[in-house]
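Inspection log for the structure reproduced underneath, given as structure tokens.
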Amino acid sequence: MKHTTNYHILIGAFLGLLIGIYTKSFATEIVSSAIIYTADLLADIFVSALKMILVPVIFFSISVGIANLSEHKQSLRIWLLTFLFFFISMALAIILGMMSMRFFEPGHGMTLTMFAEQTKDFHTSSLTLPIFFKQFLSSIFVSPLKAMSENNILGVITFSILTGFAIAGSSKEFLRVKIIFNDLLGIIMKIVAWIIRFSPAGIAALIIKLVTQQSPDLFVTLSKFMTVIIGMTLFHGIVILPLLLYFFTKIDVITLWRGAREAIMTAFATSSSSATIPVTLRSVEKNLNVKSDIAGFVIPIGATMNMDGTALYEASAALFIANLSGIDLQIGQQLIIFCMAMVSAIGAPGIPSAGMVTMAMVLQSVGLPIEALAILLPIDRLLDTFRTAVNVEGDIVVSLIVQKFVHKS
Ligand code: ASP
């Protein structure tokens with residue numbers, strides 16, 4: 001059943017692409033609106049089902065993960081390793097993005113004025129670092145019920161971490177709770193398995209929507225930029241992350257891909273690391289044999305904090321906009337972009353186009369025009385697919401590396 005679903009997902013994605021192209025280019029109006037309606041319906045059911053199960057998955061996997069981890073007497077080590085590798089993988093992604101922008105120089109010969117049409121009606125509220133920081137903090141400490149009902153993932157994570165520590169701190173006293181939580185997590189993961197069975201259809205539907213909704217005009221003007229971004233995001237996903245994984249664990253890229261593809265395809269289709277959490281958790285535990293206490297901790301936290309694709313994109317896009325604006329960034333400003341790209345990738349929630357919102361902060365930090373975001377918005381739906389896939393792959397790679405270190409000792 002495991003492999004069947006795996007192949008079905010690939011077939012689903014491929015069929016989605018074919019049907020999408022057919023609908024956009026060849027179908028009669030009646031047929032195309034019927035297809036689009038059905039795709040919309042299926043995609044909606046799939047994404048809603050993932051969102052339905054998301055909060056319980058996060059709550060139980062993190063609290064149970066932390067409660068079980070503390071028994072290892074390794075929990076501090078796991079925290080440190082997790083954050084160290086989040087940092088390393090994102091730093092590599094940013095460096096790759098910035099170097100490729102220097103090398104390929106997309107935007108060379110273009111100017112912002114070429115895009116006057118797009119930028120004229122664009123309004124954005126400014127997001128500075130202090131405002132961002134304040135928003136970030138206030139979204140962490142909120143009533144758990146409010147956080148859960150609003151799908152505020154950061155809020156849920158905070159409450160889950162605290163619950164996990166409370167159980168771990170008095171594990172004798174709360175032994176019953178721990179056993180019940182473990183069982184509840186088992187039940188939730190059963191539901192996840194059912195949703196995953198439906199995922200080939202869901203992914204096909206999402207891809208049909210993606211193909212039919214894109215308008216190609218800006219694509220042509222920005223094709224070089226898009227090619228560099230997609231190329232480098234793929235390079236990070238196909239070469240850098242697998243090398244990092246191989247270096248620390250000796251796990252090869254084929255094993256990684258076989259185990260991770262369900263999650264990577266779901267991330268690609270949904271453009272949401274958070275919505276993908278249930279699938280990612282199941283993939284690393286069932287296909288890649290990561291222990292549930294490590295997976296339950298690294299994956300949900302990674303989905304909101306560790307975003308290699310987003311970090312790469314934010315830094316590269318800032319350099320691209322500097323190019324368009326005719327601004328030559330000094331080395332100090334480039335360093336600021338490096339740091340801000342990391343902060344904004346960490347701060348971006350794992351939902352579609354979240355990176356575009358936090359990117360305002362990166363641009364502002366070095367005085368680049370935020371209006372330029374308007375140029376990037378129309379192409380974001382497509383770019384988001386690739387960066388979300390790599391974001392999720394990064395979480396999977398870090399969970400495997402952390403597990404290797406923990407089990408070696
Ligand atoms: N969509 C991305 C994610 O969920 C975040 C982003 O917009 O970069 O991982």
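Considering (1) surrounded by 14 or more Cβ atoms within 10 Å (Cβ to Cβ); (2) among the hydrophobic types (A, V, I, L, M, F, W, C); (3) free of Cβ contacts under 8 Å to residues at least 60 places away in the same chain; (4) in contact with a helix residue (DSSP H, G or I) (Cβ under 7 Å, 6 or more places away or on another chain), the lone condition that Ile207 does not fulfil carries the number (3).
In a residue-by-residue description of the stretch 212-223, the property of being of a type in the set (D, E, K, R), crowded, with 17+ Cβ neighbours inside 10 Å and over 24 Å from Phe87 (Cα atoms) applies to no position.
The number of residues in the stretch 69-86 being at pLDDT 90 or above and either surrounded by fewer than 14 Cβ atoms within 10 Å (Cβ to Cβ) or acidic (Asp, Glu) (or both) comes to 1.
Please work out if Ala269 is farther than 14 Å from Val397 by Cα, within 16 Å of the ligand (Cβ to nearest atom) and surrounded by 24 or more Cβ atoms within 10 Å (Cβ to Cβ).
Numbers: farther than 14 Å from Val397 by Cα: yes; within 16 Å of the ligand (Cβ to nearest atom): yes; surrounded by 24 or more Cβ atoms within 10 Å (Cβ to Cβ): yes.
When the stated conditions are applied, Ala269 passes them.
Ala27 meets each of the listed conditions (1) outside any helix (DSSP H, G or I); (2) in contact (Cβ under 8 Å) with a residue 12 or more places away in the chain apart from (2). Only residues that are within 16 Å of the ligand (Cβ to nearest atom), more than 19 Å from Ile94 (Cβ to Cβ) and surrounded by 20 or more Cβ atoms within 10 Å (Cβ to Cβ) were counted in the stretch 374-388, giving 1. The sole residue among Ser75, Ser89, Ser100 that is in contact with a helix residue (DSSP H, G or I) (Cβ under 6 Å, 6 or more places away or on another chain) and over 30 Å from Ala372 (Cα atoms) is Ser75. Within the stretch 228-257, being in contact (Cβ under 8 Å) with a residue 40 or more places away in the chain and loosely packed, with under 15 Cβ neighbours inside 10 Å holds for Gly231, Leu234.
Quick check: is even one residue across the stretch 215-227 farther than 30 Å from Ala372 by Cβ, part of a helix (DSSP H, G or I) and more than 16 Å from the ligand (Cβ to nearest atom)?
Residues of the stretch 215-227 that are farther than 30 Å from Ala372 by Cβ, as a first pass: none.
Within the stretch 215-227, not a single residue is farther than 30 Å from Ala372 by Cβ, part of a helix (DSSP H, G or I) and more than 16 Å from the ligand (Cβ to nearest atom).
Going through (1) at pLDDT 90 or above; (2) within 30 Å of Leu185 (Cβ to Cβ) one by one, Phe320 falls short only on (2). If you go through the stretch 31-85 and keep only what is touching a Lys or Arg at 6+ places or on another chain (Cβ under 7 Å) and among the charged types (D, E, K, R), you end up with just Asp40.
State which residue is surrounded by the fewest Cβ atoms within 10 Å (Cβ to Cβ) when the search covers only the stretch 338-360 and only residues that are within 16 Å of the ligand (Cβ to nearest atom) and under 22 Å from His108 (Cβ atoms).
Applying the first criterion (within 16 Å of the ligand (Cβ to nearest atom)) to the stretch 338-360 yields 340-360.
Narrowing further to those that are under 22 Å from His108 (Cβ atoms): 341, 359.
Numbers: Ala341: 33, Met359: 30.
This residue is Met359.
For the stretch 200-211, does any single residue satisfy the condition of being of a type outside the set (A, V, I, L, M, F, W, C) and farther than 30 Å from Phe60 by Cβ?
Looking only at the stretch 200-211, we keep the residues that are of a type outside the set (A, V, I, L, M, F, W, C), and these are 200, 202, 209.
Still in the list and also farther than 30 Å from Phe60 by Cβ: 209.
Checked against the condition, which is being of a type outside the set (A, V, I, L, M, F, W, C) and farther than 30 Å from Phe60 by Cβ, the stretch 200-211 yields at least one hit.
With respect to the conditions (1) more than 15 Å from the ligand (Cβ to nearest atom); (2) closer than 24 Å to Leu382 by Cβ, Asn287 lacks only one, and its number is (2).
The values are calculated or read from the model by the stated rules, or taken from the named source; none is laboratory data. For clarity, every value in this text was computed on a predicted model and none was experimentally measured. Heads up, the Cβs are rebuilt from the backbone with ideal geometry, glycines too, and the neighbour counts pull from every protein chain shown.
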